[in-house]
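Worksheet for the structure shown next.
The values are calculated or read from the model by the stated rules, or taken from the named source; none is laboratory data. Bear in mind the structure is a predicted one, so any value in this text is a computation, not a measurement. As a convention, Cβ positions derive from the backbone with ideal geometry for all residues, glycine included, and neighbour counts pool all protein chains shown. These accessible areas exclude ligands, DNA and RNA; they are computed on the full protein's heavy atoms, side chains included. Shrake-Rupley method; radii C 1.70, N 1.55, O 1.52, S 1.80 Å.
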Amino acid sequence: MNNNPYAWINESLATIYRANWYRSVQTIHSQPGATVVLSGQEVINFASNDYLGLAGDERLQVAAINAIQKFGTGSTGSRLLSGHREIHRELEQGIASTKQTEDALVFSSGYLANLGTIAAIVGKRDLILSDEYNHSSLKKGAILSGATVMEYPHNGTSLLEEKLQKHRQNYRRCLIITDSVFSMDGDLCPLPQLLDLAEEFSSMLLLDEAHATGVMGKTGAGCVEHFGCTGRELIQIGTLSKALGSLGGYVAGSLPLIDFLRNRAPSWIYTTALSPADTAAAMAAIKIVQAEPERRSQLWQNVNYLKQLITENLPNLKLLPTESPILCFQLPSASAALTTGKHLRTSGIFAPAIRPPTVNTSRIRISVMATHELAHLEKLVEVMNNNTPYVS
Ligand SMILES: *Cc1c(COP(=O)(O)O)cnc(C)c1O
């Protein structure tokens, strides 16, 4: 055996490259915001999850600096050992009060919240039913749990019902998992129907509100509020890293659920507590989300204005169905998406091409922010209108 055991890595990379699936990082040299400096060029930013423009807000920065001065940079241990501070508890109470749940628990990221929660609440004797478009963290959490995992077609409630009818009785517990705002498409899950099905088949429902928190619902509490389902029993997951402009994840739900997770979620127990700076910044963001609903109104005004501009000026553009600030322009191939992405980029617009394996069909993904100016939205449509072979 004289084969280099690592030689496959270069071969795999070559395959990825040939398929136009190769990815690399791009450097931003400025504060986050509606415009950023990307590799030396100022561009309009449609690539960020900072929906309300809070990641660059001075109040979050001051809160983070104050927390560092009071508690240091690191939290020095896991929550159950030396990592717990009063600001963690304040943040959890702030999340629970926004969501109107009994309690909440913060994790080091949304990804870890999903992994740890799913792995804690179901196991080998249980069934997970998962929307085929779910975020990677839900899918990986399902695998990690050891439960039997069945995917149902995207938002296909009748096929989900069929699966429940056929399989539910063969398992101890059953968990339905879904994004609320689908992160790569921008459409919403049919939450009321899912809650009804969960109830009918004695199943738990875990809802990932990563792109909905701060964005959807009258007070920004997410899709649960948007659909008028506040107070119904379910497990809500989310992130502090998108509209809340910080870093971290959370689970919100009943007192026993949160108490159980504190005892059983491996990605909470065996990892270092959220840093003081991230914790304090997220808390400041939650207060702003509650106190300044005009940010959310501005975001939705921008979304509606951009949709109107697209309808009027880009009639041939295929826009995927969306009910969120995520708008996707469908393109025929990965290379078409890359070409369009590059064209946008040279025209001063930062909007990522999203390709397989992240999604089935290639697209340009636009995230609208509350802090975009009308001129930013108009420029996007103008640039899409010019020169793109796939549009006009
Ligand atoms: C971004 C995202 C996550 C992960 O959250 P992080 O805090 O960034 O780890 C989980 N689920 C969905 C649907 C997301 O979009």
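Put a dot 7 Å past the Cα of residue 154, heading toward its Cβ, do the same for residue 199, and the two dots end up 2.9 nm apart.
Think of region 58-291 as having a plus end and a minus end, set by charges on the Cβ of Lys, Arg, Asp and Glu; of 143, 128, 212, 143 sits farthest toward the positive end of this dipole.
Relative contact order of the chain, taken over Cα pairs closer than 8 Å and 6 or more residues apart, is 22 percent.
For a paramagnetic label modelled at 7 Å from the Cα of residue 61 toward its Cβ, which residues of region 12-52 fall within the zone defined by backbone nitrogen distances under 18 Å? Counting backbone N atoms under 18 Å from the label point, the list is 28-38, 50-52.
The value obtained for region 302-392, namely the Cα convex hull volume divided by the number of residues, is 90 Å³ per residue.
Taking 0.36 nm per residue of sequence separation and removing the Cα-Cα distance, the residue 316/residue 10 pair yields an extension gain of 106.1 nm. A protection proxy built from the mean count of other Cβ atoms within 10 Å ranks the segments 240-246, 312-318, 260-266, most packed first, as 240-246, 260-266, 312-318.
Would you mind calculating the relative contact order of region 303-392 from Cα pairs under 8 angstrom and at least 6 residues apart, reporting the percent as a whole number? With pairs under 8 Å counted, the relative contact order is 34 percent. Gain on full extension, evaluated as 0.36 nm per residue between residue 31 and residue 136 minus their Cα-Cα distance, stands at 35.0 nm.
Placing +1 on each Lys and Arg Cβ and -1 on each Asp and Glu Cβ, with no other charges, gives region 46-93 a dipole about its Cα centre of roughly 240 debye. Principal axis extents of the C-alpha atoms in region 58-291 (largest first, rounded to whole Å): 57, 36, 29.
Placing +1 on each Lys and Arg Cβ and -1 on each Asp and Glu Cβ, with no other charges, gives region 58-291 a dipole about its Cα centre of roughly 740 debye.
When the Cα positions of 239, 271, 171 are compared along the charge dipole of the chain, 271 comes out farthest toward the positive end, with charges on each C-beta of Lys, Arg, Asp and Glu. Its Cα centre serving as origin, the chain has a Cβ charge dipole (Lys and Arg +1, Asp and Glu -1) of approximately 920 debye.
A simple spin-label model places the labels of residue 218 and residue 333 5.1 nm from each other, with each point 7 Å out along Cα-to-Cβ. Here the chain carries DSSP beta bridges of which approximately 55% are antiparallel, counting only pairs with both residues inside. Can you bin region 9-149 into rounded, prolate or oblate? Criterion: square roots of the alpha carbon gyration tensor eigenvalues sorted a ≥ b ≥ c, rounded for a/c under 1.5, prolate for a/b above b/c, oblate for the rest. Since a/c reaches 1.5 but b/c is at least a/b, the shape of region 9-149 is classed as oblate.
Residues in region 334-342 carry Karplus couplings, in order, of 4, 6, 5, 5, 5, 4, 5, x, 5 Hz; the curve used is 6.51 cos²θ - 1.76 cosθ + 1.60 with θ = phi - 60°, and Gly or Pro positions show x. For the chain, carbon and sulfur atoms together expose 52% of the accessible surface, with a 1.4 angstrom probe and every protein chain in place. Computed over the alpha-carbon atoms, the chain gives an Rg to Rh ratio of 0.97, Rh here being the Kirkwood radius from the mean inverse distance. Residues whose amide H falls under 5 Å from that of residue 107, counting only those 5 or more places apart or on a different chain, are 249, 250, 251, with hydrogens built in the peptide plane.
As a quick test, which of the pairs 99/379; 99/342; 124/166; 218/342; 242/318; 163/318 have an alpha carbon distance above 29 angstrom in this structure? The answer is 99/379; 99/342; 218/342; 163/318. With both bridge residues required to lie in region 58-291, what share of the DSSP beta bridges run antiparallel, to the nearest 5%? Of all bridge pairs located within region 58-291, approximately 40 percent are antiparallel. Entry note, the chain: the mean residue ellipticity at 222 nm calculated from DSSP H runs of n ≥ 4, each adding -39500 (n - 2.57), is -13000 deg cm²/dmol after division by the residues and rounding to the nearest 500. Heavy-atom accessible area for residue 232, with the other protein chains in place and a 1.4 Å probe, reaches approximately 80 Å². Over region 94-186, accessible surface divided per residue gives 38 Å², non-protein components excluded, 1.4 Å probe.
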